[in-house]
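Here is the structure we will look at, set down as structure tokens.
Every read-out reported here was derived from the displayed coordinates using simple, explicitly stated rules and does not represent laboratory data. Remember, predicted model here, so these are calculated numbers, not experimental data. When we count neighbours, we look across all protein chains shown, and the Cβ atoms used for this are built from the backbone with ideal geometry, even at glycine.
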Amino acid sequence: MKLFKLLPLSLAVAGTLASAGALADNHDTVVMEERLAEVIAKAEERLADIEARAAGETVNVQGAANENTQADLPLGVVFSGYARYGAGYQSGDSLYVGTAGSLNANATGRLGNEQNGGEWQFSRAFQSDGGAVWDLVFMVEHWADASWADDGGVNVKKMYAGASNVFESQPDLYIWAGRDFHQRPQTDLDDYFWMSHDGQGAGFYNMDLGALKFDLGVVGQVEGDMVGDNGKYAVTSKFHGMEFGGLDLAFYANYGFKSEKLESDNDVADSAYQVAAEMKFSGQKFIVRYSDNAKDSVYDLAEDQEALLFSLGGGFDLTDKVGLQYQAAYQALMGDAVEDRANYNIIVRPTYQWNDVHSTWLEGGYNVVDYDDIDATNQSWKVTLSQNIAIGGMTWSRPMLRFYATVGNADNEYTGTDENGIVNDPTDLDTLTVGAMFEAWW
């Protein structure tokens, strides 16, 4: 493990020393020293990403807008993405385990409980004569599922341009405009985007305020698969880069509003807001979020509802071969326009690494939805055993092949009402699924 950690840094330094002869020809030792410092700093950032993945924390690998400050620009078009595809044989009432009324769709755990899909991104970087770094990014995605979409197909998810190093006093400030993934922080084991504001607009990342950095964006929600917005807008902000004795702190504040396009729609609230704090420490992450007229997104503009979330997750290396990942959360939804309820879930995933290729994971999850004004409690549980073949010996190593079996049950005492207001019959669904899939990010 120690050798693996030193490898990126060693390669970076070796690559720089290999170019020393060319620099020496110009007698520019100062430039060589500065270049060496840049490469070492970049390698240390990469090492931090590696260690975060080893602790079970999701790290963005899509080449997002705010990561376009590298010292060396990649040559040509860069292809990156994320995908998972496979097949599951259903031998029970349901292929997947889910709880009716859950405020988090995958609260019983994602392993062996995920649908197929992928995101494919192409980017091209440029550098101006003045030193500004530009990029163009294009992404398509394929996630439509019959449970919530009328048809499938590939949709454009990103098309934006941006630039950094355009102000001498703010070299890391990245300014962008277009369509992008936007402010979508995620927890891993339940695959939950606890904020999501994808859309079209403009903004900036990494404004240096001294002790912290500041992100700001103004975006409109895209209208289905169309090229325009639907009249719902969000102002998003994030304060980050605050580190105190091993604690990495970030704060979010978002405001949603509507345009004249929706002025006559009385079902849409005039405004919504969110505030949240995210604390990372020793490979663990604690989140608290409050939303008014919203839940995960201020695009919701949902009148008379509030949502409160507490979430704790992370991972530990127990031995060189044994690890443990976990996720626990409490979320409440309240208001005159909703069915008040509390949602509790816990997921535990012990892992065993046989060697640099083979590993075994066992994931157990339990989820409860407890209604306040209805005498009903919905609950589900799931256990998945997965035998994995991966490109490396770390938990996060991808590509990975998985061969898995899932058993579980969802006991739903309340599943809503029909169009006449009559309460639907309760359901009790068993799951027994055997499947195979691949997962990759690159």
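Tabulated values for the structure
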item	result
Segment L401-E303, extension gain: residue separation times 0.36 nm, minus the distance between their alpha carbons	30.8 nm
The stretch 77-441: mean projected area of Cα convex hull, nm²	20.5
Restricting the stretch 107-172 to GluC sites (Glu not before Pro) in coil, as DSSP defines it, with at most 14 other Cβ within 10 Å	E168
Selection of chymotrypsin sites (Phe, Trp or Tyr not before Pro), the stretch 98-169, meeting DSSP coil and at most 15 other Cβ within 10 Å	W143, W148
Whole-Hz couplings from phi, Karplus 6.51/-1.76/1.60, listed for the stretch 107-124; x for Gly and Pro	5, 8, x, 8, 5, x, 9, 10, 8, 7, x, x, 9, 10, 10, 10, 9, 9
Spin-label model distance (nm) - H142 vs F244, 7 Å beyond Cα toward Cβ	4.8
Cross-link pairs K157/K285; K285/K382; K232/K295; K285/K321; K213/K238 - those with Cα-Cα distance over 18 Å	K157/K285; K285/K382; K285/K321
Distance (nanometres) between label positions extended 7 Å along Cα→Cβ at D340 and N116	4.4
Contour minus Cα-Cα distance for F167 and V218 (0.36 nm per residue)	16.3 nm
Residue-span extension gain [Y85 to S271] - 0.36 nm each, minus C-alpha spacing	63.1 nm
